[in-house]
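Notes to accompany the following structure.
The values are calculated or read from the model by the stated rules, or taken from the named source; none is laboratory data. If you're wondering where the values come from, they're calculated on a predicted model, not measured in any experiment. Counting neighbours? That spans all protein chains shown, and the Cβs are built from the backbone with ideal geometry, glycine included. When the accessible area is computed, the model is the full protein with side chains, heavy atoms only, and any ligands, DNA or RNA have been set aside. Shrake-Rupley method; radii C 1.70, N 1.55, O 1.52, S 1.80 Å.
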Amino acid sequence: MRKKGIAPAVCLLSTVAVLAACGGNGGSGDDAAKQGANARGPITFVTGKDNSGIMPYIADQWNKAHPNEKVTIKQQSDQADQQLSDLQQHFQAKDPGYDVVTVDVVWSAEFAAKGWIIPLEGQYALETSQLLPATVKAATYNGKLYAAPYASDGGLLYYRTDLTKTPPTTWDDLIKQCDGKTTSGTITGPKPGCYAGQFAKYEGLTVNAAEAINAAGGQIVGPDGVTPQVDSAQAATGLDFLVNGFKQGYIPKQALGFQETQSLNAFQAGQLMFMRNWPYADAILSGKDSKVAGKFAIAPLPGPSGHGASSLGGHSLGISAYSKYKATDLDFLKFIESDDIQRNDLNQGTLAPVVTALYSDPALVKKFPYLPTLLASIQTAVPRPVTPYYPGVTEAIETNAYAALQGQVSTKQALTNMQAAIKSATAG
Ligand code: GLC
């Protein structure tokens with residue numbers, strides 16, 4: 001589905017109304033907003049697979065309070081690319097059956113520019129002062145808020161506390177700890193693999209490659225958010241941490257097929273000493289089926305000379321322009337920002353709250369001692385490029401990073417190719 005330049009292609013293939021939106025600045029969302037503006041009724045909330053088991057609580061709480069406006073939860077796959085393609089197809093078909101949709105931070109610009117989700121202004125205005133600024137910014141396009149921040153995401157280093165007491169702060173230290181060349185850890189029993197993140201060719205690879213590049217002082221795009229600046233020595237140092245991992249063996253070969261779930265499964269089975277993943281992994285790794293429950297902890301991501309920086313992840317909820325019950329949709333957006341839902345998402349699914357105050361709530365900090373680490377990860381996170389042509393941009397990053405990880409091209413060549421491919425994807 002995700003060919004280079006799919007965003008412009010989508011515009012060309014779509015109906016007149018969507019065409020107008022593609023050429024514009026999101027203004028058509030204003031007209032679409034009028035459809036079903038004051039109407040209430042049953043709604044469908046479309047969201048990624050509920051790995052964390054939090055959706056039943058959300059549905060129960062909402063439905064108890066809104067017997068005439070019940071929500072049906074439609075779960076997609078647990079894979080970011082498939083979720084996006086599902087939403088694109090339903091939006092192109094103007095499906096009124098998708099009322100409220102989960103919007104990954106990197107989809108906000110495309111959905112807004114095409115008029116698929118409505119701006120949250122005027123009668124749809126949403127209070128955001130209590131929310132983490134990074135989450136609000138990530139749901140904003142051309143100065144307008146388009147979605148309600150729901151769960152943030154910052155990358156974290158999961159490490160085995162039975163193997164090392166001191167998590168590495170640098171990449172070198174991480175490699176040395178795996179080699180057993182450190183005094184901070186005593187590896188006993190069968191030695192697990194060293195490190196993995198998400199290196200299959202999909203959105204997660206863009207996240208991981210960008211993190212490595214950013215940590216080394218490189219950047220994917222310049223300050224305007226679209227002009228590629230990835231063909232640099234710093235970016236090469238960053239990407240080399242991953243490329244050398246596969247060459248030297250501190251990243252297992254199987255990790256070339258890892259998305260979030262597979263890396264989590266490997267760590268949970270005791271096969272890795274270190275793993276990069278999002279906060280949701282904590283709840284699952286602490287569960288009864290986990291071999292590493294009670295044997296792991298969470299630290300900031302390492303970098304070349306001190307802590308690295310995460311790519312900003314997370315999701316917001318948008319109101320589909322084609323929904324017939326937008327008054328209900330808006331109330332549902334407000335409901336997901338509530339203390340009750342945000343707290344339960346953390347308690348049950350270890351999702352990163354978007355409400356700032358929860359990060360200093362004494363009971364929560366006691367239960368999740370890594371909350372300050374998570375907050376720092378989010379606050380220092382680097383956004384991925386913000387552009388309606390993001391599908392083409394991420395394709396450019398993934399494809400070329402993957403070729404380098406596989407050893408098909410040199411790191412330098414991969415970055416030169418990436419630079420050219422991003423340029424052509426954003427040319428419009
Ligand atoms: C997580 C992040 C999201 C990212 C995705 C990549 O779901 O929240 O922003 O795009 O992982 O797989």
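Using the crude model of +1 on Lys and Arg Cβ and -1 on Asp and Glu Cβ, and no other charge, please compute the dipole size for the range 180-333 relative to its Cα centre, in debye to 20.
On the way: 11 positive and 10 negative charges, 129 e Å.
The calculated dipole for the range 180-333 is roughly 620 debye.
Once you sort the root eigenvalues of the Cα gyration tensor of the range 38-149 as a ≥ b ≥ c, which label holds: rounded (a/c under 1.5), prolate (a/b larger than b/c) or oblate (the other case)?
Judged from the Cα gyration tensor, the range 38-149 comes out rounded (a/c under 1.5).
Which of His90, Thr102, Leu256 sits closest to the plus end of the dipole of the chain, meaning its Cα is farthest towards the positive end, when Lys and Arg get +1 and Asp and Glu get -1 on the C-beta?
The residue sitting farthest along the positive end of the dipole is Leu256.
Using θ = phi - 60° and the Karplus form 6.51 cos²θ - 1.76 cosθ + 1.60, what ³J(HN,Hα) does each residue of the range 310-321 get, whole Hz, x for Gly and Pro?
Using θ = phi - 60°, the values come out as 7, 7, 6, x, x, 9, 10, 10, x, 9, 5, 4 Hz.
Compute the accessible area per residue over the range 132-262, keeping the other protein chains in place, probe 1.4 Å, unit Å².
Values: 4970 Å² over 131 residues.
That works out to 38 Å² per residue.
Under a point-charge model restricted to the Cβ atoms of Lys and Arg (+1) and Asp and Glu (-1), what is the dipole moment magnitude of the chain relative to its Cα centre, in debye to the nearest 20? The partial results should precede the final answer.
Working: 34 positive and 36 negative charges, 149 e Å.
Computed charge dipole of the chain: roughly 720 debye.
What is the extension gain from Gln248 to Lys288, computed as 0.36 nm multiplied by their sequence separation minus the C-alpha to C-alpha distance, in nm to one decimal? The partial results should precede the final answer.
Working: separation 40, 0.36 × 40 = 14.40 nm, distance 3.42 nm.
Length difference between fully extended and current span is 11.0 nm.
Once you order the gyration tensor axes a ≥ b ≥ c over the Cα atoms, which shape class does the chain get: rounded for a/c under 1.5, otherwise prolate or oblate by comparing a/b with b/c?
On the way: a/c = 2.12, a/b = 1.34, b/c = 1.59.
Because a/c hits 1.5 or more and a/b fails to exceed b/c, the chain counts as oblate.
Quickly rank 289-298, 162-171 as a protection proxy: mean count of other C-beta atoms within 10 Å, highest first. Let's see the in-between values first.
Details: 289-298: 15.8, 162-171: 19.1.
The peptides rank, most packed first, as 162-171, 289-298.
Taking a ≥ b ≥ c as the square roots of the eigenvalues of the Cα gyration tensor of the range 275-419, is the shape rounded (a/c under 1.5), prolate (a/b larger than b/c) or oblate? Walk me through the numbers before you get to the answer.
On the way: a/c = 2.19, a/b = 1.23, b/c = 1.78.
Verdict is oblate for the range 275-419.
Whenever you get a sec, compute what percent of the accessible area on the range 303-358 sits on carbon and sulfur atoms (1.4 Å probe).
Carbon-and-sulfur percentage of accessible area, whole number: 54.
Whenever you get a sec, compute what percent of the accessible area on the range 91-202 sits on carbon and sulfur atoms (1.4 Å probe). Could you put the intermediate results ahead of the total?
Working: 2080 of 3960 Å².
Percent of accessible area from carbon and sulfur atoms in the range 91-202: 52.
Quick one: angle between helix 411-426 and the longest Cα principal axis of the chain, in degrees between 0 and 90, rounded to 10, please.
Between helix and principal axis, roughly 10 degrees.
Using the Cα centre of the chain as origin and beta-carbon charges of +1 (Lys, Arg) and -1 (Asp, Glu), tell me which of Gln123, Ser77, Pro149 is placed farthest towards the positive end of the dipole.
Positive-end residue among those listed: Ser77.
Could you grab the relative contact order for the chain? Cα pairs under 8 Å, six or more apart, rounded to a whole percent. Before the final figure, lay out the partial values.
Details: 870 pairs, mean separation 115.5, N = 428.
Answer for the chain is 27 percent.
Only bridges with both residues in the chain count here: give the DSSP antiparallel percent, nearest 5. Numbers along the way, then the final one.
On the way: 26 of 38 bridges.
Antiparallel bridges make up about 70 percent of those DSSP assigns within the chain.
How far, in degrees from 0 to 90, does helix 55-65 lean away from the longest principal axis of the Cα atoms of the chain, to the nearest 10?
30
Can you tell me the 0 to 90 degree angle between the C-alpha axis of helix 233-248 and the longest principal axis of the chain, rounded to 10?
Computed tilt is about 60 degrees.
Rounded to the nearest 0.05, what FRET efficiency is calculated for Gln123 and Lys49 with R0 set to 35 Å and r the Cβ-Cβ distance?
On the way: r = 33 Å, r/R0 = 0.93.
For R0 = 35 Å, the calculated efficiency reads 0.60.
Taking the Cα centre of the range 37-123 as origin, work out the dipole magnitude from +1 charges on Lys and Arg Cβ and -1 charges on Asp and Glu Cβ, in debye rounded to 20. If you can, show how the numbers build up before the last one.
Values: 7 positive and 11 negative charges, 61 e Å.
Dipole size: approximately 300 debye.
Restricting to DSSP H runs of at least four residues, report the calculated mean residue ellipticity at 222 nm for the chain, -39500 (n - 2.57) per run over all residues, nearest 500 deg cm²/dmol.
-12500 deg cm²/dmol
Under 5 Å between amide hydrogens, which residues at least 5 positions from Leu272 or on another chain qualify, with H placed 1.01 Å from N in the peptide plane?
Gly193
Within the set of other residues whose C-beta is less than 15 Å from the C-beta of Gln348, count the net charge using Lys and Arg as +1 and Asp and Glu as -1.
Values: positive: Lys288, Arg343, Lys367; negative: Asp50, Asp60, Asp282, Asp339, Asp340, Asp345.
It works out to a net charge of -3.
Using the beta-carbon distance between Lys334 and Ser410 and R0 = 51 Å, what value does 1/(1 + (r/R0)^6) give for FRET efficiency, to the nearest 0.05? Walk me through the numbers before you get to the answer.
Working: r = 51 Å, r/R0 = 1.00.
Working from the Cβ atoms, E equals 0.50.
Of the listed peptides 150-159, 48-57, 380-389, what is their order by residue-averaged count of other C-beta atoms within 10 Å, with the highest listed first?
Numbers: 150-159: 25.4, 48-57: 15.8, 380-389: 21.5.
Top to bottom by mean Cβ count within 10 Å: 150-159, 380-389, 48-57.
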